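First comes the structure, then the notes that go with it.
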Amino acid sequence: MNTTITGEILIGQRAIDNGQRTLKAVNPATGETLAPDFAQAGPAEVEQACAAAWAAFDTYRETRLEDRARFLEAIGDQIMQLGQALVDRAVAETALPAARIEGERARTVGQLRLFAQVVRAGEFLDVRVDTAMPDRQPLPRPDLRLRNIALGPVAVFGASNFPLAFSVAGGDTASALAAGCPVIVKGHPAHPGTGELVGRAIQAAARECGMPEGVFSLLLGGIETGTSLVQDARIKGVGFTGSRTGGLALVDIASKRREPIPVFAEMSSINPVFLFPAALAARAEELGKAFIGSLTMGAGQFCTNPGIVVALDSPDLDRFLKAADATLSSHVPSAMLTPGIHGAYQKGVQALETAQGVQLCARGGTGEGPNRGAAAVFSTAVSNFLSQEALQHEVFGASSLVVRCQRPEDMREIAERIEGQLTVTLHMEEADYELARGLVPILERKAGRILANGWPTGVEVAHAMVHGGPFPATSDSRFTSVGTLAIRRFLRPVSYQSLPSQLLPETLRSENLGRVSRLEDGKRLLP
Ligand code: NAP
């Protein structure tokens, strides 16, 4: 396996050097620049990638399910074949530990294999048949057959904080390819070499499986590259993970096109954790320690990081904070992903330090080397939290705010007032169920995932997972970006009325109907 990183732009099966080598990879742990310099895609490369994706679309979306599933598995195999070179490069570009990168690689490959199963099962096609009723009175019913088809070429914006699982061959790419959509990735500038290695693995898999050339391209570049990609008429959907500002900018660009298109942006969440009284009384110390574990994991750079903790002001809450303080005092931070993310974290923590009515409760060590941010836990009274909207804003990194409530009703008030969230966590004992029962219907309106007696960091890739939620958690609360349901973002239904069999797609022809599950005249029939 060739693991040389050339810094070229990948379009279909080609690697292009346009001479614009303006992008550099940086090791955030040391500040050193890593070779080579990377080519920035300009309008010519965006045009070529979009043309190739469009040319591939009609062929790729009709690939046999088995062939498409094999392609997804082959991408996973090719990624594994990159071996240690991929791990080493990702560690150097992100400062994340090797064990984390290896875990993320396993998740990325597992995700691709899971989508291969989804493709083989064919249920995502949602085949429905309403058989003709020529004698129905007062009017006959025509023959109606429905299936989902792929939306079109999709632009994917890789995330900085998951260089593998949410980047070039991450969840957005895997679900779009599974749906039958060619993908053009706008690579994240924080890990260009990792991106290229994975991009070349996808190229190799596409070659091996005989996929149409434009099924995948990888472009690096700045805001102009991303903007012109989303503006291109051949792009029909966008997947994004990053900041609220970035996500909203793309939503704006997409909505102003001649043909507006959907943007599935996963943006900002503070993931409230509710500590109910009996749970705090029973295990304040254990909770305090586990909270810091979740808060500081990956330098706090998780979209599911526990950004606020809500509890009744009590000696038990003090015990919780004392345990959190003791655990945090020995914490040494690792470097954050980029100087920009580190700078934004420092600014966010500084704003909390100087905010009215906010007290610092615990602070971690500062560590040595560039881009380290000391973890921090603050607290404030419920009245103060509710009167300052800025206290609800995400501080991306290991910072959290504990909100001291006076009465159980304050917890309800907070639940009502918080913005949309990816997750909400409830720590409770049986004695807390009554209080929690009153909160759950409110939280259902606010979050994509409600979890009990755990921590929000750690998102299972599964059939029943939702990694989504109302704005600003995402730009479209009807969908998830993790788990097999993510494929739905990149599909649309088409109904075929009275089409002769010869013109129907193969899956909908009567002789093939038994191959995947279908809804026939309202009854679910299995293959
Ligand atoms: P980002 O600034 O939103 O950038 C993500 C991607 O979107 C990059 O490829 C970026 O391109 C592109 N982009 C941003 N604004 C754009 C625009 N106006 N037009 C076109 N493309 C645009 O996110 P980030 O670099 O990962 O981190 C910055 C901040 O995002 C963090 O400090 C944190 O607050 C937040 N964040 C949140 C999550 C989460 O899961 N909630 C995850 C990661 C980051 P270029 O960089 O090439 O310009």
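Observations
- Scanning the range 3-19 for residues that are in contact (Cβ under 8 Å) with a residue 60 or more places away in the chain and part of a loop (DSSP other than H, G, I, E, B) yields T3, I5, T6, G7, E8, G12, Q13.
- The requirement of being open to solvent by less than 10 Å² (accessible area, probe 1.4 Å) and either within 28 Å of E66 (Cβ to Cβ) or part of a loop (DSSP other than H, G, I, E, B) (or both) is not satisfied by V238.
- Yes/no for R89 being over 25 Å from Q301 (Cβ atoms) and more than 16 Å from the ligand (Cβ to nearest atom): no
- Qualifying residue in the range 205-213 (condition: open to solvent by less than 10 Å² (accessible area, probe 1.4 Å), touching a Leu at 6+ places or on another chain (Cβ under 9 Å) and assigned by the TED database to the domain that holds L72): yes
- Hey, T227 under 12 Å from F157 (Cβ atoms), assigned to a helix (DSSP H, G or I), without any contact (Cβ under 8 Å) to a residue 40 or more places away in the chain and within 15 Å of the ligand (Cβ to nearest atom) or not: yes
- Test: residue in the range 73-80 that is part of a loop (DSSP other than H, G, I, E, B) and either open to solvent by 30 Å² or more (accessible area, probe 1.4 Å) or out of contact with any helix residue (DSSP H, G or I) (no Cβ under 8 Å at 6 or more places or on another chain) (or both): no
- Lone qualifier among R105, R100 - being farther than 30 Å from G514 by Cβ, in a helix (DSSP H, G or I) and within 16 Å of the ligand (Cβ to nearest atom): R100
- Close pairs (7 angstrom Cβ cut-off, 6 or more residues apart or separate chains): over 12 Å from T173 (Cα atoms) in the range 479-490, among the charged types (D, E, K, R) anywhere: F479/R488; F479/R489
- Test result for L360, among the hydrophobic types (A, V, I, L, M, F, W, C), touching a helix residue (DSSP H, G or I) at 6+ places or on another chain (Cβ under 7 Å) and touching a residue at least 60 places away in the same chain (Cβ under 8 Å): no
- Residue match in the range 56-68 (condition: more than 23 Å from R515 (Cβ to Cβ), at pLDDT 95 or above and in the same structural domain as A169 (by the TED database)): yes
- Selection of the range 108-153 for residues being without any contact (Cβ under 8 Å) to a residue 12 or more places away in the chain and in a loop (DSSP other than H, G, I, E, B) yields P134, D135, R136, Q137, P138, L139, P140.
- Residue in the range 171-188 that is under 23 Å from I5 (Cα atoms), open to solvent by 10 Å² or more (accessible area, probe 1.4 Å), assigned by the TED database to the domain that holds G246 and touching a residue at least 12 places away in the same chain (Cβ under 8 Å) present: yes
- Scan of the range 319-337 for residues that are under 14 Å from N371 (Cβ atoms) and open to solvent by 60 Å² or more (accessible area, probe 1.4 Å), ordered by number: V332
- Strands (runs of 3 or more DSSP E) within the range 288-404 that include 1 or more residues on the phi > 0 side of the Ramachandran plot: none
- Of the strands (runs of 3 or more DSSP E) lying entirely inside the range 413-527, those carrying at least 1 residues that are of a type in the set (A, V, I, L, M, F, W, C), in contact with a helix residue (DSSP H, G or I) (Cβ under 6 Å, 6 or more places away or on another chain) and open to solvent by 40 Å² or more (accessible area, probe 1.4 Å) are 447-452.
The values are calculated or read from the model by the stated rules, or taken from the named source; none is laboratory data. This one's a predicted model, so the numbers in the text were calculated from it and none came from an experiment. No Cβ is skipped: glycine too gets one built from the backbone with ideal geometry, and neighbour counts run over all protein chains shown. Ligands, DNA and RNA are stripped out before the accessible areas are found, and what is left, the full protein with its side chains, is counted by its heavy atoms. Shrake-Rupley method; radii C 1.70, N 1.55, O 1.52, S 1.80 Å.
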